[in-house]
Amino acid sequence: MAIKLVLSDIDGTLLPRGNAEVDHCVVEAFHALLDAGLAVGPASGRALPAILPAFAGDQACVATALATNGMQVYAAGKLVHEEYLDHEGLAQLAAAVREVPRAGMICFKGAEVFLVEGERDVLAPIFPSYAAHITSVDAVPDFPVVKANVFVDADVQGTQALMERLEAVVPRLGLNTPMAGFMNVVPVGYSKATGIDIICRELDVSLDEVVVFGDADNDLEMLEHVPNSVAVANATPRAAAAARWHIGSVDEFAVPQAMMAIAAGKWPFTA
């Protein structure tokens, strides 16, 4: 069956960690897919205001997008679905994080970042762009929150251990980890896979007409859900195991190369 929709994680998949903007070859690959009549976009834990700068402001690259781990779904440049986090659950999560040394929690309103718990200096080496412009607040903001994150000065194992501890304390919210020291907050049972189902309905596309690329544990549900799932060589062991297909690393620009092949009608890859 022909591919009609291509979605890719950003950090660690399209964008080497520590870089602010994708290589020009990524933008070229996105436009090659668009020119071939396919829908293409990011599937990221970032909100759209943080996604767009990574593509040098190219609106065409993000007109279709799963933002905030699929909690915001965009099609043809319009927001077609938005999910909110439970306010009481966020307050409970903030209280639990407060008890953890060198941990913190942030919430977002569009591009604005609010430090609910923790220290900016701990966040800065983990996610510099979020720490660069941040406002400290005394409690979880009153506005509806779509995106929130927990951060901690810890390695992968320490991050995973804290994630499991917090989920046990606050069962009304779910957590996943895209990288060491950083966790996404989502409603229980919600993931990028949920967002994919929404965008497939919106675009009238079946799952076997979709290709997804990922590298991290917050991509697990997406990689397991879509038959044509692809992991980069630098993927976590769990993400690699969840994917059907495997390609080179983010540093080798493996994903834009694969996208160019899809645009040219060459599929499938070699597992």
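Only Lys, Arg, Asp and Glu count, each charged at its Cβ (+1, +1, -1, -1), so figure out the dipole size of segment 1-110 about its Cα centre, rounded to 20 debye. Could the numbers behind the result be given before it?
Details: 7 positive and 12 negative charges, 30 e Å.
Rounded to the nearest 20 debye, it is 140 debye.
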Rounded to the nearest 20 debye, what is the charge dipole size of segment 121-221 about its Cα centre when +1 sits on each Lys and Arg Cβ and -1 on each Asp and Glu Cβ? 280 debye
Residues meeting the amide H criterion for Gly174 (H placed from the backbone, H to H distance under 5 Å, 5 or more places apart or on another chain) are Val186, Val188
Please check: in the Gaussian network model of the chain (C-alpha springs, under 10 Å), which one of Val150, Val169, Val73 has the largest mean-square fluctuation. Val169
Take the alpha-carbon centre of segment 114-128, take the same for segment 135-179, and report the distance between them in whole Å. 12 Å
Would you work out what percent of the accessible area of segment 146-250, with all protein chains in place, is carbon or sulfur (probe 1.4 Å)? 53 percent
By average C-beta atoms within 10 angstrom, highest first, the peptides 42-50, 246-254, 227-235, 184-192: 42-50, 227-235, 184-192, 246-254
How high is the FRET efficiency from Arg201 to Arg102, r the C-beta distance, R0 35 Å, rounded to 0.05? 0.25
When a/c is below 1.5 the answer is rounded, else prolate if a/b is larger than b/c, else oblate, so apply that to segment 1-135 with a ≥ b ≥ c taken from the square roots of the Cα gyration tensor eigenvalues. prolate
Would you calculate the separation in nanometres between label points at Val156 and His24, each defined as 7 Å from the Cα along the Cα-to-beta-carbon direction? 3.4 nm
Starting at the first residue of segment 124-132, write each ³J(HN,Hα) from the Karplus equation 6.51 cos²θ - 1.76 cosθ + 1.60 with θ = phi - 60°, in whole Hz, x for Gly and Pro. 3, x, 7, 9, x, 5, 6, 6, 5
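Run the helix sum for the chain: -39,500 (n - 2.57) per DSSP H stretch of 4+ residues, divided by residue count, reported at 222 nm to the nearest 500 deg cm²/dmol.
Details: 10 runs with 85 residues, N = 271.
The per-residue figure over the chain is -8500 deg cm²/dmol.
I'd like to check one number: the per residue accessible area of segment 50-204, probe 1.4 Å, reported in Å² as a whole number. Provide the component values of the computation, followed by the final result.
On the way: 6740 Å² over 155 residues.
Result: 43 Å² of accessible area for each residue.
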Simple SL model, points at 7 angstrom along Cα→Cβ for Ser136 and Asp35; separation in nm is 5.1 nm
Looking at the chain, how many pairs of lysines come closer than 21 Å at the Cα, when each pair is eight or more places apart or spans two chains? 9
Of Ala180, His133, Ala76, which is farthest along the charge dipole of segment 46-188 in the positive direction, counting Lys and Arg as +1 and Asp and Glu as -1 at C-beta? Ala76
Once the Cβ-Cβ distance between Ala264 and Asp208 is put in as r, and R0 is 25 Å, what FRET efficiency do you end up with, to the nearest 0.05? 0.80
Using the Cα gyration tensor of segment 72-205, the equivalent ellipsoid's semi-axes, largest first and to the nearest Å, work out to 25, 17, 15
Assuming R0 = 51 Å, what is the FRET efficiency of Lys109 and Ala2, from their Cβ-Cβ distance, to the nearest 0.05? 0.80
Nearest 20 debye, what's the magnitude of the dipole of the chain about its Cα centre given +1 on Lys and Arg Cβ and -1 on Asp and Glu Cβ? 160 debye
Classify segment 88-146 from the C-alpha gyration tensor, please: rounded if a/c falls under 1.5, else prolate or oblate depending on whether a/b exceeds b/c. oblate
Could you please state how large a percent of the accessible area of segment 1-78 is carbon and sulfur, counting protein chains only and using a 1.4 Å probe? 54 percent
Spacing of the two label points (7 Å from each Cα toward its C-beta) at Asp86 and Glu119, in nm: 3.2 nm
Provide the gained length on full extension for the span Phe143 to Arg165, in nm with one decimal, where the gain is 0.36 nm per separating residue minus the Cα-Cα distance. 5.2 nm
Taking a ≥ b ≥ c as the square roots of the Cα gyration tensor eigenvalues, with a/c under 1.5 meaning rounded and otherwise prolate when a/b beats b/c, else oblate, which class fits the chain? prolate
Residue-by-residue Karplus 3J(HN,Hα) for segment 232-246, coefficients 6.51, -1.76, 1.60, Hz, glycine and proline x: 7, 5, 8, 5, 5, x, 5, 5, 4, 5, 6, 7, 7, 10, 9
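The values are calculated or read from the model by the stated rules, or taken from the named source; none is laboratory data. None of these values were measured; they are calculated from a predicted model. In this analysis, Cβ positions are derived from the backbone assuming ideal geometry, glycine residues included, and neighbour counts consider all displayed protein chains. Quick note on the areas: whole protein, heavy atoms, side chains included, nothing else; ligands and nucleic acids left out. Shrake-Rupley method; radii C 1.70, N 1.55, O 1.52, S 1.80 Å.
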